[in-house]
Each structure stands twice: as structure tokens, then as C-alpha cells.
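Below is one structure, written out as C-alpha cells; comments come after it.
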Amino acid sequence: MEIIIAQLINGVSYGMLLFVITCGLALVFGILGVLNLAHGSLYMIGSYVAYSLTTTFTQSFWTALIVAPLAVAVIALVIERTLLRVTYQLGHLSQVLLTFGLAYVFHDLTKWIWGSNVLSIRVPDLLSGSVTIVGQTFPLYRLVVIGVGIIIAAGLWWIQNKTRWGAIIRAGLSDREMIGALGVNINLVFTTIFVLGGILAGFGGVVASPILGLYPDMEFQTLILALIVLVIGGLGSIAGTFTASVLVGVLETFGRYLFPELSMFLIFGLMAMILVWRPSGLLGKQVVEG
Amino acid sequence: MKNVYLQFAIVLLLFAAAPFFISSFHITLLTEILILAIFALSLNVIVGYTGMVSLGHAAFFGTGAYAAGIIAQHVSANMLFTLFGAVIISVLLAGLIGLFCMKVSGFYFLMLTLAFSQMVYSFVYQSTEWTGGSNGLSGIPRPVLFGWEISNMVWLFYVIAALFMLLYAGLRILVGSPFGKILVGIRENETRLKSMGYNTNIYKYLAFVISGALGGVSGSLYTYFNGFIAPSDVYWTMSGTVLIMVLIGGSGTMIGPVLGAAMIVLLETTIASYTDMWMLILGSVFILFVIFFPSGLYGIWQDLSVRFQKRGGPSEVTKLNKKRAS
Amino acid sequence: MKKSVVMSLCVVALLLMLSACGNSAMNQAGGSDEGEGNGSSSDDTIKIGTILPFSGVYASLGKDLSAGMKLYFESVDWKAGGKKIELIEEDTAADPQEALRRTRKLMDQDQVDMLTGAVSTAVAYAIRDEVNSNQLPYLASHAGGNDLTRGERSDYIWRSSFSSWQLGNSMGQWAYENVGDQIYVAAADYAFGKEVSAAFMEAYRAAGGEVVGEVYPPLGNNDYASYLTTIADSEADGVYAFFAGSDAVRFVQQFEEYGLKEKFDLLGSGWLVSEDLRESIGSAAEGIYAASFWDYNLENEQNQKFVEAYEAAYDRRPTVESLEGYDAARIIVETIEALDGDVSDPDKVIEAMSAVEFDSPRGPFAFDQETHHVIQNMYILETVTENGRTENKVIEKIEGVQDPGE
């Protein structure tokens, strides 16, 4: 019984890690309808900037936690203003190709700047201890990540449902022309959302890399994980993404515990089942296909 | 119509003559381009003509490749056997996956095909007894055609070039047929076709199975070509590469995917010999294509040929592209 | 129908572009059964082709191998047997199909006299048939899959690095005597990880130990919490782990974080605590026992010389891959020396290569004539903390470990 509880905690903490990684992608895809395949790359840049900040310049994880997401935000801003804007009229496929191209470019640029060794970020001393629950040892940082995930989810939910911005976004989701008619600058809304997605990706990079590490090809692994969670949760729904993160985290943890060899098969199987059973995901809204 | 036969004859002649003029390394390159061109053409049936974007096409390529390899090792290396076996197994797989995938469309179709292909990958990776797992399947005997072992790259090139011509012609006829017209109709406006009384799901399903079968053919050719199969041939990156070939070449055209395949293979081969930053260059090329040539290589092509005839002034296609790009 | 005119024009252009190279495929195809076809490089240069990953997950390994090779070639001024050595490097991205393409390029276009490299075992298996049928002497300088010098053995393939059997087997007896009689095995779920752990378990059981559990997390797994919780629940004395690269960093760190370090000894292959990973792993690496065929702190004259030269040239510590590259280059140079620079006959090249023996930084180096695989010392290392950083100490030497070859 104790081991079941311990695995459940493992599952939830892994799930929250997935949520931290995915929420930026979910925001951008859910609202802008842009499938950002460079999401993993933005995450990776956040990690590497944080690595540089913690090892060389400031030695402070907390500085990195603020500066790295901002650095990624600047990159996201440039991408949206110069490249992505062009593709809004061209349809989804062009965006897929564009962001995939960007992912390739960022891959080599980060390799060029930071090399291809395996790196890691130290957890700050304040968060580096261990906690014992039900007779099992858990790293404190994992439990902190659970908290971070919940805070981000609550924050996004609050913005989407309780603020004027949220209202505009929800309107934009259902009818783009209408909010233009309301006198809202739709371009500004798009830029803001994409930059916010970038900030979340960068933030995810800083928070997740003390656990996941930094290594070549990390962005593609992250991207695939994020896509799975996104699809299972359903598009345009923060609650859905949150639920899916926990579900995937718990299922994968128990999958590894019970059928270690099948864990990858199980996750994609779950994704296929959900898509067939409920094409718009667990809690997704029916988004108009474009 | 006569023109088409003429083109066909010229290409046939060029293929026949190629080994006399170009080095064996370039023959292997050309062979690889033709195999991947068949793969890209097969994906184009659903992406380009029917409008269903799949990110799981490597499942069929890999299934065909492994089926051909395993049959060659355990049953017979006769090419008719291996090719036929590969086609049957990929048709069965496409038939099964297609049943589920027809329920969804758009982005969900893309993700569902991805999920299925990753499941196939996981299966291949775990079945080490049959597939060699992460080590790949090696020691596959050379294909045998009519009792004669194709051990030499030039003969293999001829076999593959002949198959390529055959499949290209077949696909072209298919696309021009009433069936092909209905597929394009589905791409343009599925609701309208439905209201006209067509059961669009059956057409989509058929297109999916045909596409899967051809994917299996290209996979088995790749096995003959390399004598080796790696699990990365079933991985989603392979699906991504072939989708890029179709998009860069020009989806929904016959020659586009072929050009796309040629361009990606040539780019990878030439760049990688000079720098290990090939992803940077390839990525920049994708971006340039999206921004400046949204209709792919085929678009550039048409543009050039129009300009060639009219001499002077940007053509309709460029104007169109510029309009779309701005 | 103008499009089709353009289309055929394209094909013509393509063919013309490709035909830039002189000799046609027909000529080469006709003469492919005379093995000497390869040795057609110009009289005063010997071309060495390398296939290594410079991009992708194994990029750092490829770069270290390359750096090690260049260091040795530099030390002989890029000359051997009176001829100039030319190194042609191709990037495989650790993808077998890409590696095959590169190998064909090296054989057909560059006409290399010898081939070396391959980090991923799948790459070595992929090029095996191509190399064998073209009679190209190939020195495998990293890829460790057992079969390359067993079932897939070829006259033209020799291996200077290690086999997964050597890595796993060498620790079995030692683990039984020094760790305890019950052990838990965790290894990355790919052919190499399974081969190493199988070799370990075989030797450990033969010594009298009991394997109380086995688990194989997928390659590139990012969270070991679930596996670690399961292992923590067992009654083992120690955990034998085979992981490399980012997997190793995560596993070792999480092993400590989840409190297993206090309960179990952790042992594994040298890649668990390799020179380029320990800084990322941090203090969690302390106390790990590992088996390897070389270490930075190995004390012998050759190693001292190698380490000094490497650090002077690249301003960083050599890794085990750097050593593999360094030794591979040395074997190639000594082969060419033995033949007085005449490498035109592949059979003579491999004959000369098989006789190469020398004192390597890793200890005495010689090939097993039967299996074509290196016979070498294996070392048991312990990771300790010294001056604020972790170092590997050699605590035991197992001499002349020879792969059984079947």
C-alpha cells in the first residue's frame, strides 16, 4: 500500500512537470491556432540561458528564474513579429513547416553556443533537501514543482476567466472578426499571447531542467511529450491540459511500475484511444477547423 | 497527350543512360532519391490530393521495410515475394489504422496518425527477436528477381527506376481519374461532396489504404537498397522528413514530392560533408520556403517556365505568391 | 503540358549535375569483384575515412573521438610509412541510414583506403555488409555490440574499443566479493544496455550471487522516480546500472535524491561516471563503483603522456572516447608503417593491423586473432571527492580480459 501511495506522489509530481512544460504550447495552440513546433526549442533556450546564468554570471537560480523567461520572450516577440505574422493567412501547414524550420535553426545555434555535452542545473540550496512521506524519501524540489504547476494553472485560469483580457481571448477564439469590430487591436492580442507562450516555455525550461537536464535533442523529446499532453487534454482548455498532465503523469508512472517495457506504447495508446473516443480531447472545446 | 508519352520516353532513356555517365556514388544517391520520391508521392495522395495531413506515414514505410527484410531472411529473398508480402502487410496495417483515423480530421488526424505510428515504432523496438530492436535488422540477403540475384547497385537502380516510372504513371492516371477528382473535391470542400450524395469516408479510407500500400512499397525498396533497417525508419522524425519533402516540393502536384525528395537528399548529402551545422541550413531553407515560396519547388518551377515563355515581368504565380506572402 | 517539358529538363539538369564526377557507375560496377578497387588514391597520400556523429545525441562522443585521433596524427606529423595521411570525416548523426550513405560516399567518391569510427552499434551493423563486400579495412573505434566480433564477424572488421561483454563481465566476480550476494539490475532498454547487463548477470550468478530484480527503463527516459521507488522496496545489497549520457546524469542524481544511496551501493560501467558527465552529476557520483578499460587517473607512463598532450592541445580533460580515437589513430599509423605505406591490398592491411601491439594509455594493447577484438585490462573504479570535485580512483585491475567470441 505504501508503495502505491509513493508511486501516486511520483505520478503527480511528474504530471505537474509535464504541465509546466506544456502550458505555453497549449496557450498558443488553443488561442492562436498556431501549432508551434518550436515550443520545445523555446523551452531549451530557457534552460540553456538559465544554465549560463547559474554557472557563470550570477550563480543565482532565482535570477535565472526571472531573466531566462524574459530572454525567451524577446525571441518569441521577434519570431511573431517577423516570421509568424506572415503565415497567419497561409494556413496551418505553413506554420508547421516554419516552426519546424525554426526548431532546426535553434538546435544548431544552441549547439554552437553551448556545445553538445550533457549539462545540468543545480537546485538552489533552499529547495535541495529531501522529505520523507509514507516511509519513502522524496526530493523537496519535486514537491515544489507540484506547487509551481498548480500556481501557473490557477494563474492562467484566472486570466482567462476573470479578466478583460481573458474575455477578449475567449472572444478571439470563437470569432476573430468580432473582436476586431470591438476596436481591439487583434495583432497586439496575437503578439501578446505568443510572447506569453514564450515566457511560459522559458519558465518551464528553468523549472524542469534541474530534473530533466540539458542535452542535445532535448527539445524534440520535450515537444513530443508536450504534444501528447496537449492532445489528450483537448485544445483551448487550461483545465483540460492540467487534467491530462496529471493523468499522463500518473499513468506513465504506474505503467513503468507495472509494465516497464510497455510504457511508451501505453502513452501513445492512451492518446489514440482518447482521440478516437473524444476527438476534441478530455475537456477540449470544439474548435473550428481552419 | 502525345507530349506526355514523349516526356515519358525521354525520362526512361535518361534513366537507362544514367549509369554510363555518372559515378556509382551518384547512382546510389539517385536510387535513394527515387525510393524516397515514391515514399513522398505516397504521402501526397492523402496530404496533397485529399487534404489529410499525416504525421505517421513512417509506420507504413517501416512496416514495408521490416516485412520485406523479415520475409527475405526467413522465407525467400525473391523480390516478388518480399514486395508482395510488404504490400499486403502495409495494406492490412493501413486498413486497420484507417478505420480509426477516419473518425477525425485536421489536427486530430495528424496527431492520431502520429500516435499509431509511434505505437508501431514501440512494437518494432520491443520485438527484438524479429526486428533486432535498437540494433536494427542486418544481414538481409540481396533481392532475387527471376532467379537472378541483384547484387549490383546499377541493376538495383534499373529495377527501382522502372518501378518508379510505373508507380508514377499509375498515380498520375489515378489522380486524373474520377476517383482522383473526388479526392480533390474532398480536399476543397468535403461538406459539398457529402451533400451531393458521396460517401466521402469511403473515398478517404481508400486513399489512405492506397497511400499506405505505396508507403510499404517504398519501404521494401529501401530494404533492397540498404540491406539494413533501423528502427529510426519507423520513428516520427521519418514521418516529419517525408512531410517536409511533400511540402517543400509542392503538395497536391505530381512532380512536387519528387523534387522535394531530391532536394532534401541532395541538401543533406552535400551540406553534411562540409559542416555539421546542416540542421541550421536546412531549417533556414524551410523558413525561406514558407516566407517566399509558399507553393514549394513546384511553384518556383512553374514561375520559371512561365517567365521563360513570356520573357519579362513577374509572372502570375509570383504575383500570387507575393500577394499571399504580404 | 509545358510543365512536363520543364520536368524533363529538370531531370537532365540533375543528371548533368551528378555527372560532375568522372568515372561512371557502369565502369565501377564491372570491376567491383577485384578487391583492390579501393586503393586507388594518389601515390603519396593515404586516405582514412571516419564516420562519427557530430550532431545528434552522441555528438560529444564523436567530437572527442575525432579530437583524440587528430592528437595522435599530429604527433606523427600526419605521416606514416613515408606517406601523408589525409583524414576525411563524415557526420553520421548516429543514424544508421545516414551512416550508410556517408560510408558509400567515402568508398565511391573519396576512395578511402581505410575506414574507422562508429559510435552507435546500429551504425556498425548497418555498414557491416557494405564494408565486408567491398573489402574495405574497417577499424571499429567505439561501437561495442557483441555481435560485431561474434556472429557478424568479418575479415575486414577489427575492433579496438571494447565489447559489451567485457564491460559487464568484468564486474560480476568483483561485485559478488565486495558488494554482496544480492543485486538489483537496472539498464537502459536498448540492445547495448541489455547486452552489458546480461554479461554482468551471467558473471555475477556464476560467482554465486543472486539477481533479485531487473528493470529496463526506456532509452532517453526522463524520470526514474517510479523505478527507484520499486528498487528501494527490494532487499538487494547493491544496484548495478547501465546508463550513459543524459540518462546517466539523471539516474545517478535521482538515485541520491530518492534516498537510495544510503541504502544501496551503486555500481555500473564507466559511462555512469565518465569524465565529461561527473561535473553535471555533481556530488551524487561519490561512492559509485564502475568498470572501464581506461580512466583519466590511470597511472602509467603512456597515460601521463597522453593526458598531458591532450590537455595542452584542447585545454580540457580527455574522455574515454578521446583515448579510443587516440589509440585508433595509432593502430592505423602502425599498420601503415608495417606495410611501408603500401595499403593497396586490403588483405595485407588487415594482416598488418592484426599484428599491431603496443603499450596504450589503457595498458597493453593486442588484438585477438580469432575474434578480431581487443584483449585489454579492465579496471574497477571508485568515485571519490577530492578538492571539491569528484575523481575516479582505480581500485582493482583485471588483466587481459578476452571476449569469448561466441
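Every number in this text was worked out from the coordinates using simple rules, so none of it is lab data. Note that the structure is a prediction, hence the values are computed from the model and not measured. We place every Cβ from the backbone using ideal geometry, glycine too, and count neighbours over all the protein chains shown.
For a 24 Å ceiling on Cα separation, which of these pairs sit above it: A:111/C:47; C:261/C:393; A:162/B:103? Each step should come with its number before you reach the end.
Values: A:111/C:47 29 Å; C:261/C:393 19 Å; A:162/B:103 35 Å.
Correct reply: A:111/C:47; A:162/B:103.
What is the distance, in nm, between label points placed 7 Å from the Cα along the Cα-to-Cβ direction at residue A:56 and at residue A:70?
So the two model labels end up 1.9 nm from each other.
How many partner chain Cβ atoms sit within 10 Å of a residue's Cβ in peptide A:59-66, on average, as a whole number?
Details: counts 0, 0, 0, 0, 0, 0, 0, 0.
Partner Cβ neighbours, averaged per residue: 0.
Could you please rank B:202, B:287, C:332, placing first whichever residue has the fewest other Cβ atoms within 10 Å of its Cβ? Each step should come with its number before you reach the end.
Working: B:202 11, B:287 19, C:332 29.
So the residues, fewest neighbours to most, are B:202, B:287, C:332.
How large is the charge dipole for the protein assembly as shown, taken about the Cα centre, if only the Cβ atoms of Lys, Arg (+1) and Asp, Glu (-1) carry charge, to the nearest 20 debye? Please report the intermediate quantities before stating the final value.
Working: 59 positive and 90 negative charges, 1415 e Å.
Dipole of the protein assembly as shown, to the nearest 20 debye: 6800 debye.
Can you tell me the relative contact order of chain C? Whole percent, Cα pairs under 8 Å, sequence separation 6 or more. Provide the component values of the computation, followed by the final result.
Values: 816 pairs, mean separation 69.2, N = 406.
It rounds to 17 percent for chain C.
Nothing charged except the Cβ atoms of Lys and Arg (+1) and of Asp and Glu (-1): what's the magnitude of the dipole of segment A:181-290 about its Cα centre? Round to the nearest 20 debye.
Working: 3 positive and 5 negative charges, 58 e Å.
Dipole size: approximately 280 debye.
I'd like to know which of C:268, C:157, B:49 lies farthest towards the positive end of the charge dipole of the protein assembly as shown, counting +1 on Cβ of Lys and Arg and -1 on Cβ of Asp and Glu.
Looking along the dipole axis, the top candidate is B:49.
For segment B:2-255, calculate the relative contact order in percent as a whole number, restricting contacts to Cα pairs under 8 Å that are 6 or more residues apart. Don't skip to the answer; put the middle values down first.
On the way: 377 pairs, mean separation 104.9, N = 254.
Over segment B:2-255, the number comes to 41 percent.
Karplus couplings for segment B:62-68 from phi (6.51 cos²θ - 1.76 cosθ + 1.60, θ = phi - 60°), rounded to Hz, Gly and Pro as x?
After applying 6.51 cos²θ - 1.76 cosθ + 1.60, I find x, 4, x, 5, 5, 4, 4 Hz.
What whole-number distance in Å separates the alpha-carbon centres of segment A:175-246 and segment C:68-110?
Spelled out, the Cα-based centre of one part sits 44 Å from the other.
What's the exposure ranking of A:112, C:271, going from fewest to most Cβ atoms within 10 Å? It would help to have the intermediate numbers written out before the result.
Details: A:112 12, C:271 22.
Lowest count first: A:112, C:271.
Within a Cβ distance under 14 Å of residue A:72, other residues only, what is the Lys/Arg minus Asp/Glu net charge?
On the way: positive: none; negative: A:80, A:219.
After counting each charged neighbour, the total is -2.
Can you give the mean number of other chain Cβ atoms that lie within 10 Å of the Cβ atoms in peptide C:52-63? Walk me through the numbers before you get to the answer.
Details: counts 1, 3, 7, 12, 7, 7, 3, 8, 6, 1, 2, 4.
Neighbouring Cβ atoms belonging to other protein chains average 5 per residue here.
Which of B:6, C:139, A:235 comes first, and how do the rest follow, when ranked by fewest Cβ neighbours within 10 Å?
On the way: B:6 13, C:139 27, A:235 24.
Taking fewest neighbouring Cβ atoms as first place, the list is B:6, A:235, C:139.
When the helices in chain A are scored as -39500 (n - 2.57) per DSSP H run of 4 or longer and the sum is shared across all residues, what 222 nm value do you end up with, to the nearest 500 deg cm²/dmol?
Value at 222 nm, helices only: -24000 deg cm²/dmol.
Residue B:5 versus residue B:181, label points 7 Å from Cα toward the beta carbon: distance in nm?
2.4 nm
Can you tell me the order of C:53-59, A:247-253, B:121-127 when each peptide is scored by its average per-residue count of other Cβ atoms within 10 angstrom, highest first?
Values: C:53-59: 24.7, A:247-253: 22.3, B:121-127: 20.0.
The most tightly packed comes first, giving C:53-59, A:247-253, B:121-127.
Calculated from DSSP H runs of 4 or more alone, at -39500 (n - 2.57) each and per residue, what is the 222 nm mean residue ellipticity of chain B, nearest 500? Intermediate results must be reported in sequence, preceding the final value.
Values: 15 runs with 247 residues, N = 326.
Value at 222 nm, helices only, nearest 500: -25500 deg cm²/dmol.
Taking every pair of Cα atoms in segment B:2-255, average 1/r, invert it to obtain the Kirkwood radius, and report Rg/Rh to two decimals. Intermediate results must be reported in sequence, preceding the final value.
Numbers: Rg = 18.2 Å, Rh = 18.6 Å.
So for segment B:2-255, dividing Rg by the Kirkwood Rh gives 0.98.
With axes computed from alpha carbons, what is the tilt in degrees of helix C:245-257 against the longest principal axis of chain C, rounded to the nearest 10 within 0 to 90?
With rounding to tens, the tilt is 10 degrees.
Can you give the mean number of other chain Cβ atoms that lie within 10 Å of the Cβ atoms in peptide B:101-109?
Working: counts 3, 0, 4, 4, 2, 6, 12, 10, 2.
Per-residue shielding by partner chains comes out at 5.
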